[in-house]
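Below is the structure I would like to discuss, written out as structure tokens.
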Amino acid sequence: MGGHQSFPRVTLLKERVVIVTGANTGIGYETAKWIAMMGATVILACRSEERAREAMTRMNAEFEAEKDRKTEGVVDYPELSIEFMKLDCASLQSVMDFIKEFKNSGRQLHVLVCNAGIGLHKQAYTAEGYELMFQVNYLSQYLLAAHLLPIMKNSGEDCRIVLVSSEAHRFSEFNLDRIQGKQFNDQNFGRVLFYGNSKAFQIMQMFSMNRRLQNSNVTVVSLHPGIVDTEVTRNFSDMKQFAVFLSLSKLVGKAKNPFEGAETSINAAVNPELKGVRDVYYCDCKPESISSTVRNTQNQEGLWEYTQDCLKKGAFLPDDIIKCLEGE
């Protein structure tokens, strides 16, 4: 682990239920695996069942290896308590199907790690008409958190929502008139800007939710995992400047592997010292500053209202869920 701050190796009860979106690869894979290896029940919320099943097989093989090495904090279960549930964040209907299935299971929910995301994608729109990065990185996971919040409020103390954002939030703007980017075409669409926007919105969601949940058992934090070489880079392999940047980051030792990238997420999800902590943006497991645009309360509330308007259009956000979100 070196000399940098990492997550504590704590024992988690199997009854502690954690959802990790995008858990079959990269940061999400390591996050789900390590939380499960510490004892919790982890649901891998992924698009592809085949890839999720393959990931679960690898997780259990790596779990056996960690047990053989007698790694600190790894539980002595016969196998990990991990499950697959289908979730495609590019489809709001898929999110609703996931929510229905989870609610029907009758489970509690203690931690939601909103990790799934795409990076620097070319201009594209979902079936619901939203810019792809806006929906996958932000809107769908807002919807997921909104509907699962009533369950979390009734799941005992210390429930957490972890939003995996990025330092790319510093390359964002707040302009509700341009939020879907339909004024642009595929030649002048700012991929860095719209990716940064989607990550900025996650941090803004943290502040808005926490204002409404300040007297509840649910806390929300956000984080930057670091420069991590994962499958997310496939969306900008055509952008030469970013390919060079990633190569240089590896060369000078700044790029992280997926486990190192997952450490901040795992820490946010399991560290007992973070119980009750909210409104913090972490980098390398430590609090980090954020941009003034993102910290602006008026911007946060403007986004909150805009988001709810988007979800009300398709009847994705009924009155009872809105009341719960508003702290009622």
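Testing the spin-label approximation: label points 7 Å from Cα along Cα→Cβ at Lys313 and Thr293. State their distance in nm.
Label-label distance for Lys313 and Thr293, simple model: 2.2 nm.
Another question, then. May I ask for the net charge around Ile151, where only other residues with Cβ less than 10 Å from the Cβ of Ile151 are counted and Lys, Arg are +1 while Asp, Glu are -1? Could the numbers behind the result be given before it?
Values: positive: Lys103, Arg107, Lys153; negative: none.
In short, +3.
Thr57 to Asn154: extension gain in nm, 0.36 nm per residue of separation minus the Cα-Cα distance?
Additional length available on full extension: 31.7 nm.
Hey, another quick one. At 4 °C and a viscosity of 1.567 mPa s, what translational diffusion coefficient does Stokes-Einstein give for segment 66-198, taking Rh as the Kirkwood radius over Cα pairs? Give it in µm²/s as a whole number.
Approximately 76 µm²/s, per Stokes-Einstein.
Something else about it: Holding the Cα-Cα limit at 19 Å, pick out from Lys14/Lys100; Lys256/Lys286; Lys199/Lys323; Lys103/Lys153 the pairs that are longer than that.
Lys14/Lys100; Lys199/Lys323
Please report Rg over Rh for segment 287-328, where both radii come from the alpha carbon positions and Rh follows the Kirkwood definition.
That ratio is 1.11, to two decimals.
Here is a follow-up. Quote the convex hull volume per residue of segment 1-119, based on C-alpha atoms, as a whole number of Å³.
114 Å³
Let me ask another. For segment 69-103 and segment 151-198, what is the separation of their Cα centres, given in Å?
A separation of 23 Å, based on Cα centres.
Under 25 °C and 0.890 mPa s, how fast does the chain diffuse according to Stokes-Einstein, given a Kirkwood radius computed over C-alpha pairs? Answer in µm²/s, whole number. Working shown, then result.
On the way: Rh = 19.9 Å.
It comes out at roughly 123 µm²/s.
Let me ask something else. Keeping all protein chains in place, calculate the accessible area per residue for the chain (probe 1.4 angstrom), answer in Å².
43 Å²
Any idea how far apart Val192 and Ala124 come out in nm if each label point goes 7 Å out from Cα toward Cβ?
It works out to 2.2 nm between the two label points.
Quickly work out the Cys283-to-Ala65 label distance, labels modelled 7 Å from Cα along the C-beta direction, and quote it in nm with one decimal.
Placing both labels 7 Å beyond Cα along the Cβ direction yields 3.1 nm.
Give the cross-link partners of Lys313 among the aspartates and glutamates, using a straight C-alpha distance below 20 Å as the criterion and excluding same-chain residues fewer than 8 apart.
Once the sequence-local aspartates and glutamates are set aside, what remains near Lys313 is Asp88, Asp97, Glu128, Glu131, Asp177, Glu301, Glu305, Glu326.
Related question: So what J values fall out for segment 14-30 if you push phi through Karplus, 6.51 cos²θ - 1.76 cosθ + 1.60 with θ = phi - 60°, rounded to Hz, Gly and Pro as x?
Per-residue couplings from phi come out as 4, 6, 7, 9, 10, 9, 10, 7, x, 9, 8, 8, x, 4, x, 4, 5 Hz.
Using +1 on the beta carbon of Lys and Arg, -1 on that of Asp and Glu, and nothing else charged, what's the dipole of the chain about the Cα centre, debye to 20?
Once rounded to the nearest 20, the dipole reads 320 debye.
Assuming 0.36 nm per residue, please report the length gained on full extension of the stretch Glu49 to Asn215 beyond their Cα-Cα distance.
56.0 nm
Let me have the 222 nm mean residue ellipticity of the chain computed from DSSP H runs of 4+ only, each contributing -39500 (n - 2.57), with the sum over all residues rounded to the nearest 500.
Value at 222 nm, helices only: -13500 deg cm²/dmol.
So what are the ³J(HN,Hα) numbers for segment 78-90, from phi and the Karplus equation (6.51, -1.76, 1.60; θ = phi - 60°), rounded to whole Hz, Gly and Pro as x?
Working through the residues one at a time gives x, 7, 5, 8, 10, 9, 9, 9, 6, 8, 10, 6, 7 Hz.
When the accessible area of the chain is computed with all protein chains present and a 1.4 Å probe, what percentage of it is carbon and sulfur? Show your work: numbers first, answer last.
Details: 6960 of 14120 Å².
The C+S portion of the solvent-accessible surface of the chain is 49 percent.
The values are calculated or read from the model by the stated rules, or taken from the named source; none is laboratory data. Worth saying up front: this structure is predicted, and the values here are computed from it rather than measured. In this analysis, Cβ positions are derived from the backbone assuming ideal geometry, glycine residues included, and neighbour counts consider all displayed protein chains. The area values use the complete protein model at the heavy-atom level, side chains included, leaving out ligands, DNA and RNA. Shrake-Rupley method; radii C 1.70, N 1.55, O 1.52, S 1.80 Å.
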